[in-house]
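S.K.: Sharing a structure, written as structure tokens. Questions coming.
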Amino acid sequence: MNIAVFASGRGSNFSAILRAKKSGRISADISLLVCDNPKAPVIGKAKRAGVEVFLVKREGFSSGKDFEEAIILRLQQAKIDLIVLAGYMRLLSPEFTQKFKYKILNIHPALLPSFKGTQGIEDAFNYGVKLCGVTVHFVDEEMDHGPIILQVAVKIEEADSLESLESKVHKLEHKVYPQAIRLFTEGRLRVQGRKVRIL
Ligand code: GRF
């Protein structure tokens, strides 16, 4: 089984996935990194690990459709079975998500459906909730919306700052995302409507 990771930035989840592969917790191959940002630190991480990088800038295409078609072509060439979004800062079109239905995972740094969007941790912290966490879900047409695979909570203590909370949440992400990927690659996920059953 071949996995493509899509990322636009730092790539700490990408590194966690690579560590899981190295230690045998994930047996599928991390075959491709798709990145839309030439300045993203994740590119260096992939190159150092020997993972092929497909750097594809939206500005290089006249339409979003052409941009996604270039990505699809590359995914097909690499015989990708699973797409893992790890800080990919671009919305996928409904055509794209339909084409790879139940084959795209995303991780969100909050307990969905609360605090959707790009600032999940900050929004939860500022709201004053006492519990937040991480969610791994299948991707559908709506942002941060598809069927939930795994969800793990973290307590927000009075002593927490935004920075300490961010570090707790990221640490948890690095454990939970490889677990979800492993479940997928072992064929242990069954989607029934909005519910995901783990076999
Ligand atoms: C993570 O917090 C993830 O939940 C969100 O984007 C962030 C990516 O971080 N979708 P990194 O690039 O993996 O360090």
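S.K.: Please verify whether Gln76 is over 27 Å from Gly187 (Cα atoms) and exposed (fewer than 15 other Cβ atoms within 10 Å of the Cβ), treating the condition exactly as stated.
M.R.: On the way: over 27 Å from Gly187 (Cα atoms): no; exposed (fewer than 15 other Cβ atoms within 10 Å of the Cβ): yes.
So Gln76 fails the test.
S.K.: Please state which one of Leu172, Leu111 is buried (at least 19 other Cβ atoms within 10 Å of the Cβ), more than 19 Å from Tyr88 (Cβ to Cβ) and in contact with a Gly (Cβ under 8 Å, 6 or more places away or on another chain).
M.R.: Numbers: Leu172 fails: buried (at least 19 other Cβ atoms within 10 Å of the Cβ).
Residue meeting the stated conditions: Leu111.
S.K.: Still on this model: What residue, of Gly133, Gly146, is at pLDDT 95 or above, within 16 Å of the ligand (Cβ to nearest atom) and at positive phi?
M.R.: Just a single option satisfies the conditions, and that option is Gly133.
S.K.: Still on this structure: List the helices (runs of 4 or more DSSP H) inside the stretch 1-112, counting only whole elements, that have at least 2 residues being outside the structural domain of Leu172 (by TED's automatic domain parsing) and within 16 Å of the ligand (Cβ to nearest atom). Before you say what the answer is, go through the steps one by one.
M.R.: Details: elements: 12-22, 41-49, 64-77, 94-99.
Qualifying helices (runs of 4 or more DSSP H): 12-22, 41-49.
S.K.: I need a count of the residues in the stretch 129-144 that are assigned to a loop (DSSP other than H, G, I, E, B) and over 9 Å from Ile107 (Cα atoms).
M.R.: 7
S.K.: Let me confirm something: among Arg197, Arg182, Arg188, which residue is free of Cβ contacts under 8 Å to residues at least 40 places away in the same chain, open to solvent by 90 Å² or more (accessible area, probe 1.4 Å), basic (Lys, Arg) and not assigned by TED's automatic domain parsing to the domain that holds Ser93?
M.R.: Values: Arg182 fails: free of Cβ contacts under 8 Å to residues at least 40 places away in the same chain; Arg188 fails: open to solvent by 90 Å² or more (accessible area, probe 1.4 Å).
Going through Arg197, Arg182, Arg188 in turn, the sole match is Arg197.
S.K.: Test each condition in (1) in the same structural domain as Ile3 (by TED's automatic domain parsing); (2) aromatic (Phe, Trp, Tyr); (3) open to solvent by 30 Å² or more (accessible area, probe 1.4 Å) for Phe125 and report the one that comes out false.
M.R.: (1)
S.K.: Among (1) of a type in the set (Lys, Arg); (2) in a helix (DSSP H, G or I); (3) under 27 Å from Leu55 (Cα atoms), where does Lys168 come up short?
M.R.: (3)
The values are calculated or read from the model by the stated rules, or taken from the named source; none is laboratory data. Computed from a predicted model, the values in this text were never measured in an experiment. Reconstructed Cβ throughout: ideal geometry from the backbone, glycine too, with neighbour counts over all protein chains shown. Note: accessible area is taken over every heavy atom of the protein model, side chains too, but ligands, DNA and RNA are not part of it. Shrake-Rupley method; radii C 1.70, N 1.55, O 1.52, S 1.80 Å.
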